[in-house]
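Undergrad: Just dropping this structure here.
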Amino acid sequence: MKNTFQIGILVVCAAAFLMAGLNLSFGGAPAYTDMDDYMLAHGQEETGSNNIVTGVVFDYRGFDTLGEATVLFTVVLGAGLVFRRLGKKEDEYEYE
Amino acid sequence: MIELIVHILLLAGLVISACMVWYMDDLISAAIAFGAFSFLLSLEFLMLQAPDVAIAEAGIGAGLTTAIFVIAIRGTDKDGGCV
Amino acid sequence: MNMSSLVRSGGANIMMPFILVYGFYIVVHGHLTPPGGGFQGGAVIATAVVLLMVAYSRAEVRASVSKNVLKNSETLGLLLFIGTALLALTAGLAFFGNWLLDAGTLFGTPVAFGINPPGDINTGGIIPVLNIAVGIEVLGAMGILLLAMLGGMKGDAE
C-alpha cells in the first residue's frame with residue numbers, strides 16, 4: 001500500500017517534470033524574443049558596454065545583482081556566526 | 001562533426017564522474033571526483049558558448065568548493081566529530 | 001622543510017602572480033570581453049587563497065592573509081555598490097541609473113553600435129565601478145569563508 005503510494009507520487013512528479021522539460025525550447029531558439037532583440041539592438045549604446053551580458057547584469061538588471069551581493073554578504077555573516085562558536089574553545093584561529 | 005564528438009565525450013565524462021562521486025567510499029576521493037565533475041561541466045558550458053558561466057563554474061565549482069569540501073573532511077572524523 | 005613542501009611552495013610562488021593578474025583582468029575588463037564580470041573575477045582571485053592554503057602551513061597562511069583586510073574589503077565592496085547606485089539619484093535618474101554614461105568624464109566615452117574588437121576601457125558608465133565593487137566583495141566573501149573553515153580545524157594541516 002505504502003509502496004504503491006510512493007510509486008504514484010514518483011510517476012506524477014516525473015510526468016510534471018517531463019511536461020515542463022518538453023515545453024522548453026531546444027536548439028538555442030527561445031520562444032519569446034522581444035526582450036532579447038531589444039537588448040541586442042540597443043544595449044551597446046544604452047549601457048556603453050561591449051559585453052552585452054555585463055550590460056544586462058549590471059545595468060538593465062541592477063536590482064538582481066544587488067540582491068546577489070546581499071545574499072553573499074548574508075552567507076558570510078551566517079558562516080561567521082557558526083564558526084565563531086567552534087573557534088572559541090581554544091586559541092585557534094578565532095573568527096572574533 | 002568534431003564538435004559533436006567533443007560534446008559526447010564531455011557528457012559521457014560528466015555521467016562517469018557523477019557516478020564516481022556516488023561510488024567512492026573514501027570521502028576525499030569523492031570530493032576530488034566532484035571537482036573533476038565541475039571542471040568537465042565548465043568545459044561543457046564553454047562548448048555551449050557561455051564563457052561567463054564557464055569561468056564562474058571553474059572558479060567556484062572546481063576551485064573553492066573542492067577546497068571547502070577537503071577542509072571539512074579533514075576537520076572531521078567519520079562519526080562527525082571534530083578531529 | 002622537507003622536499004615536497006619546497007616543491008609546493010615554489011610552484012605556488014610561480015603560479016600566484018598569473019592567477020592574480022588574470023583575476024584582476026577579468027574584473028577590470030568586465031564590460032569589454034566575454035568572460036568578464038565582477039563575480040567571476042572575484043572567484044578567480046579567491047582561488048589564489050586556496051593555492052596559498054594548499055602550499056603553505058596554517059601558521060604561514062594566518063600570517064600572510066589578513067582576516068580584517070578581507071572583512072573590510074567585503075563591507076567596502078557592498079557599500080561602494082549601493083553608494084554608486086544611490087548617487088544616480090543626485091543626477092536626477094532612477095536608482096541604478098547610469099549617471100556616468102556618455103558624460104565625457106571617468107568611463108564616459110560613448111560607444112557606437114557595432115563590432116569594435118579591442119574596445120575602449122574608458123566606456124561603460126557605472127558598469128566598471130560596479131564590477132570592481134562586486135569583485136572586491138566576492139573576493140572578501142570567499143576568502144573569509146575559506147579562512148573561517150580553516151579556523152575550525154584543530155592541529156596543523158600539514
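Undergrad: Here are some residues: B:ALA54, B:ALA36, B:ALA67, B:ALA30. Which one is away from chain C (no Cβ under 11 Å), without any contact (Cβ under 8 Å) to a residue 60 or more places away in the chain and either open to solvent by less than 20 Å² (accessible area, probe 1.4 Å) or of a type in the set (Phe, Trp, Tyr) (or both)?
TA: B:ALA30
Undergrad: Next question. Among the residues that make up region C:82-93, is at least one of them in contact with a helix residue (DSSP H, G or I) (Cβ under 6 Å, 6 or more places away or on another chain) and hydrophobic (A, V, I, L, M, F, W, C)?
TA: no
Undergrad: Suppose we filter region C:83-123 for residues that are in a helix (DSSP H, G or I) and either more than 9 Å from chain A (Cβ to nearest Cβ) or open to solvent by 60 Å² or more (accessible area, probe 1.4 Å) (or both); how many remain?
TA: So the count comes out to 7.
Undergrad: If I filter region C:90-107 for residues that are modelled with pLDDT of 80 or more and either touching a His at 6+ places or on another chain (Cβ under 9 Å) or among the β-branched types (Val, Ile, Thr) (or both), do I get at least one hit?
TA: Checking region C:90-107: at least one residue is modelled with pLDDT of 80 or more and either touching a His at 6+ places or on another chain (Cβ under 9 Å) or among the β-branched types (Val, Ile, Thr) (or both).
Undergrad: Provide a single number: the residues in region B:1-27 that are among the aromatic types (Phe, Trp, Tyr) and surrounded by 13 or more Cβ atoms within 10 Å (Cβ to Cβ).
TA: 0
Undergrad: Oh, and also: Considering (1) in a helix (DSSP H, G or I); (2) crowded, with 16+ Cβ neighbours inside 10 Å; (3) modelled with pLDDT under 85, say which one A:GLU92 fails and leave the rest.
TA: For A:GLU92, the exception is condition (1).
Undergrad: Next question. Quick one: in region A:35-56, which of the residues that are hydroxyl-bearing (Ser, Thr, Tyr) and at pLDDT below 85 is farthest from C:GLY38 (Cα to Cα)?
TA: A:THR47
Undergrad: Can you find, within region C:51-82, the residue that is nearest to the other protein chains (Cβ to nearest Cβ) among those that are open to solvent by less than 20 Å² (accessible area, probe 1.4 Å) and touching a Gly at 6+ places or on another chain (Cβ under 6 Å)?
TA: Within region C:51-82, the match that is nearest to the other protein chains (Cβ to nearest Cβ) is C:GLU74.
Undergrad: Name, by its number, the condition in (1) in contact with a Phe, Trp or Tyr (Cβ under 9 Å, 6 or more places away or on another chain); (2) open to solvent by less than 50 Å² (accessible area, probe 1.4 Å); (3) farther than 24 Å from C:GLU137 by Cβ; (4) not aliphatic (A, V, I, L, M) that does not hold for C:HIS31.
TA: Every condition holds for C:HIS31 apart from (3).
Undergrad: Does C:LEU146 satisfy the condition of being surrounded by 18 or more Cβ atoms within 10 Å (Cβ to Cβ), in contact (Cβ under 8 Å) with a residue 60 or more places away in the chain, more than 9 Å from chain A (Cβ to nearest Cβ) and of a type in the set (A, V, I, L, M)?
TA: yes
Undergrad: Still on this structure: Out of the residues in region A:57-68 that are open to solvent by less than 70 Å² (accessible area, probe 1.4 Å) and over 12 Å from the mean Cα position of the chain (by Cα), which is modelled with the highest pLDDT?
TA: A:LEU66
Undergrad: So how many residues does region C:14-28 have that are more than 8 Å from chain B (Cβ to nearest Cβ) and within 12 Å of B:ILE55 (Cβ to Cβ)?
TA: So the answer is 4.
The values are calculated or read from the model by the stated rules, or taken from the named source; none is laboratory data. Bear in mind the structure is a predicted one, so any value in this text is a computation, not a measurement. Quick reminder, even Gly has a Cβ in these numbers, built from the backbone with ideal geometry, and neighbours come from all protein chains shown. Areas reflect the complete protein model, heavy atoms only, side chains present, ligands, DNA and RNA absent. Shrake-Rupley method; radii C 1.70, N 1.55, O 1.52, S 1.80 Å.
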